[in-house]
Amino acid sequence: MSAKFNYITKECLFCKETDAANHPVIYKKNFRDEDLDAQVFSARRTTEHFHYEMMKCAKTGLIFSRQILDDASLNQLYKESLVTFGEQTEFIKNDYWQPLREHLEGRGKQKALDIGCSNGFFLEVLKDNGFKEVYGCEPSTEAKDIARADVKDGIHTGFFGPGLYPENYFDLITCFQTLDHLSQPLEMLRNMYTNTKKGGLAYLIMHNTQALQAKIFGEKSPIIDVEHIYLFNKENLPMLCEKAGYKVVSCFDLKNGYPYSYWLRMAPIPLKSMWQSVFKATGLANKVLSINAGNMAIILEKL
Ligand SMILES: [Zn+2]
């Protein structure tokens, strides 16, 4: 049987050469092509923990997948992926909005773009907080159908890329849980920079490889996943954003507030059904717990 997908080789984003001495393999590939379908590429599913062979840069701590599916294969899988985080959306909206708020004071709120906008949940937040025009890009064809009426029209079904929007256009560009899914994150940041207005902001959220959970669970951490091509920390992410032209305003841990039942579902621990019963019986299942779940955020400015 011929291979189902084509693979390409990725390089370190910081070193001239991806030499083996400075980029040791930390995890071996653990799946076959037959194991992959669009379900594996849907946000916040109960993860199977498939991952490519992963390396770590000794100089910067960048963790990355070495041999990955080519763009055509990835695009197909993302197009067919499902929007699966409906029940947590209200919590996520608040968690993502709060840290940004103070940075927007005294700035323009004419146009905003959310890259990888899913069902447009953050476009709703921006609209509700005074942005006049909100735009989004999202490859999943299902996402636009379920978006709120007043943000739907601004959603482009497809990937973000050069030429899609005018230069120096947006007061704010946001991008959540997307950068570490990209095969070319620096190019994407450069494109974002081009579309950001002078004096405008960018705001990104993604996993942090130096978060406690990532360190404790290692290969079993949900972030070690076939969806993730480059994984960052609070040192190398600002470096990459500066390469793209941005000034780093702030890079910090993000707190997430979800019900206990959600934390349990995502936790890589045994005896889940037992804990579920305990949580239900004690009424804890629906209580909200705010913790640092291993996400970091970065706020950038185009000077
Ligand atoms: Zn390197």
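For the reader, a short list of remarks on this structure follows.
- Calculated FRET value between F14 and K132, using beta carbons and R₀ = 45 Å, to 0.05: 0.70
- Extension gain for the segment K29 to L212, taken as residue separation times 0.36 nm less the Cα-Cα distance, is 63.5 nm to one decimal.
- The chain: relative contact order in percent, alpha carbon pairs under 8 Å with at least 6 residues between: 17
- Net charge of Cβ neighbours under 12 Å - reference T178; Lys, Arg +1; Asp, Glu -1: -4
- Magnitude of the charge dipole, the stretch 181-303, Cβ model with Lys/Arg +1 and Asp/Glu -1, debye to 20: 320
- Neighbourhood charge, 10 Å Cβ-Cβ cut-off, centred on A211 and excluding it, Lys, Arg +1 and Asp, Glu -1: +1
- In straight-distance terms, cross-link reach from K28 covers every one of the lysines whose alpha-carbon lies under 22 Å from its own, apart from those fewer than eight places away in the same chain; here that gives K4, K10, K56, K59, K215, K220.
- Summed residue charge, Cβ within 12 Å of F64's Cβ, Lys/Arg positive, Asp/Glu negative: 0
- For a modelled paramagnetic label at K93, 7 Å from Cα along Cα-to-Cβ, the residues of the stretch 127-171 in reach, with backbone nitrogen under 11 Å, are 127-129, 148.
- Pairwise centroid distance, computed over Cα atoms, of the stretch 216-272 with the stretch 105-141, Å: 22
- Equivalent ellipsoid semi-axes - Cα gyration tensor, the chain, angstrom: 28, 25, 20
- Counting only cysteine Cβ atoms and a cutoff under 4.7 Å, the chain contains unmatched residues C57, C117, C137, C175, C241, C251.
- Counting 0.36 nm for each residue step from M266 to K247 and taking away their Cα separation leaves a gain of 3.4 nm.
Bear in mind these aren't lab numbers, they're just calculated from the coordinates by the rules spelled out. A quick note: this is a predicted structure, and the numbers were derived from the prediction, not measured. Heads up, the Cβs are rebuilt from the backbone with ideal geometry, glycines too, and the neighbour counts pull from every protein chain shown.
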